[in-house]
Amino acid sequence: MPLADHLRELRNRLAKAMLAIVVASVVAVAYSQQLMEFLTSPVPECVGDTPRKGGVCARVVYTDLLSPFTTTVKVVLMAGIIVSCPIWLYQMWAFVAPGLHRNEKKYSYYFAAAAAPLFAAGAYFAYLIMPVSMKVLLSITPAPAENLLSVDKILDFTVRMVLIFGFSFELPLLLIMLNLTGMVTGRRMLGWWRGAVMGIFVFGAIATPSTDPLGMVALSGPIILLYFLAVGFSLLNDRRRRGNDPDAELDDEASDLDLTPAAIGEVESVSATARALPEQATGEADGGRSHRLNGYDDIT
């Protein structure tokens with residue numbers, strides 16, 4: 001299509017995606033109270049006779065007059081984006097799909113089908129460890145102080161944890177994609193396992209906001225397991241590729257050449273042929289300055 005038609009189609013698909021998000025967000029307004037309770041449930045709130053000072057518990061509060069409104073808008077908008085993701089993801093796919101080949105579409109279906117469960121599993125793990133992480137962070141509070149947590153901060157903390165865990169669980173999918181495209185072999189990935197394990201643990205320690213080792217292990221352990229599953233899949237795929245095409249894993253780099261000089265053996269004399277020119281046979285072409293033997297110079 002011409003460029004103007006592509007832009008028109010992009011505009012229409014973006015409009016449909018935005019409309020789906022708006023409709024889902026409007027529906028989520030009716031459940032805003034339940035959503036707020038769900039997001040603040042990991043916080044160990046102070047109830048009854050629970051001591052309010054120190055790092056035992058915390059109270060969830062709003063810090064200014066507009067906080068209830070702005071926080072509710074953020075929550076329902078986030079819920080609308082999540083609930084309507086099948087619609088706006090389809091609009092994105094429908095815009096890109098006509099430019100893909102059949103095998104590229106097939107791989108795209110596989111990756112999309114695997115990416116959604118992996119992200120959901122990462123988000124689920126994040127929600128599981130958030131209560132423990134919050135308790136550890138609150139435990140640092142000295143006894144004379146009382147913890148007052150803003151709902152905005154809790155929302156930011158939750159979203160950050162979910163995004164970090166969700167996208168971290170996509171690492172094995174990226175490795176498998178690199179293997180399927182022939183950029184990285186399974187044997188090479190297996191050789192990286194020491195550095196990969198160390199790097200994953202370092203990333204888990206930095207990415208998790210809590211200082212307890214449980215959060216780091218909860219993030220790093222599943223990623224390491226998924227890493228070795230991706231390595232196993234890549235090894236099997238490399239074996240299948242070698243069975244179908246023995247030259248599949250050859251690269252374009254030149255082979256190393258052996259440039260060591262070797263003996264040429266005894267020089268064999270060659271007699272002049274009848275077709276040799278007179279000056280070649282007698283050496284008259286260069287005035288007789290060179291020494292020739294049977295019409296050939298010394299080098300030959």
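Annotations for the structure displayed:
- Residues of segment 10-35 that turn out to be under 10 Å from G80 (Cβ atoms) and polar (S, T, N, Q), as a count: 1
- Test for K135: is it touching a residue at least 40 places away in the same chain (Cβ under 8 Å) and either crowded, with 17+ Cβ neighbours inside 10 Å or more than 30 Å from D238 (Cα to Cα) (or both): yes
- From the options G232, G221, G265, residue that is modelled with pLDDT of 70 or more and part of a loop (DSSP other than H, G, I, E, B): G265
- Pairs are defined by a Cβ separation below 6 Å, a sequence spacing of at least 6 or placement on different chains, a first member in segment 1-23 that is touching a residue at least 12 places away in the same chain (Cβ under 8 Å), and a second member that is hydroxyl-bearing (S, T, Y); the pairs so defined are A20/S84; I21/S84.
- Condition check for I200: closer than 30 Å to L163 by Cα, modelled with pLDDT of 75 or more, open to solvent by less than 70 Å² (accessible area, probe 1.4 Å) and of a type outside the set (D, E): yes
- Pairs linking a residue in segment 56-83 that is under 25 Å from S133 (Cα atoms) to a residue that is acidic (D, E) and outside any helix (DSSP H, G or I), with Cβ atoms under 8 Å and 6 or more positions apart or on different chains, are C57/E45; A58/E45; R59/E45; R59/E146; V60/E45.
- Some residue of segment 114-128 being in a loop (DSSP other than H, G, I, E, B) and surrounded by 15 or more Cβ atoms within 10 Å (Cβ to Cβ): no
- Test: residue in segment 21-36 that is closer than 16 Å to T158 by Cα, modelled with pLDDT of 85 or more and among the aliphatic types (A, V, I, L, M): yes
- Verdict on T260 being at pLDDT 70 or above, part of a loop (DSSP other than H, G, I, E, B) and β-branched (V, I, T): yes
- In segment 155-175 there is at least one residue that is free of Cβ contacts under 8 Å to residues at least 40 places away in the same chain and within 26 Å of R241 (Cβ to Cβ).
- Tally of residues being open to solvent by 50 Å² or more (accessible area, probe 1.4 Å) and of a type in the set (D, E, K, R) across segment 152-179: 3
- Considering segment 180-197, the residues that are surrounded by fewer than 12 Cβ atoms within 10 Å (Cβ to Cβ) and in a helix (DSSP H, G or I) include one that is nearest to the chain's Cα centre (by Cα), namely G195.
The values are calculated or read from the model by the stated rules, or taken from the named source; none is laboratory data. Quick caveat: nothing in here was measured; it's all calculated off a predicted structure. Every residue, glycine as well, gets a Cβ built from its backbone with ideal geometry; the counts of neighbours run over all protein chains shown. These accessible areas exclude ligands, DNA and RNA; they are computed on the full protein's heavy atoms, side chains included. Shrake-Rupley method; radii C 1.70, N 1.55, O 1.52, S 1.80 Å.
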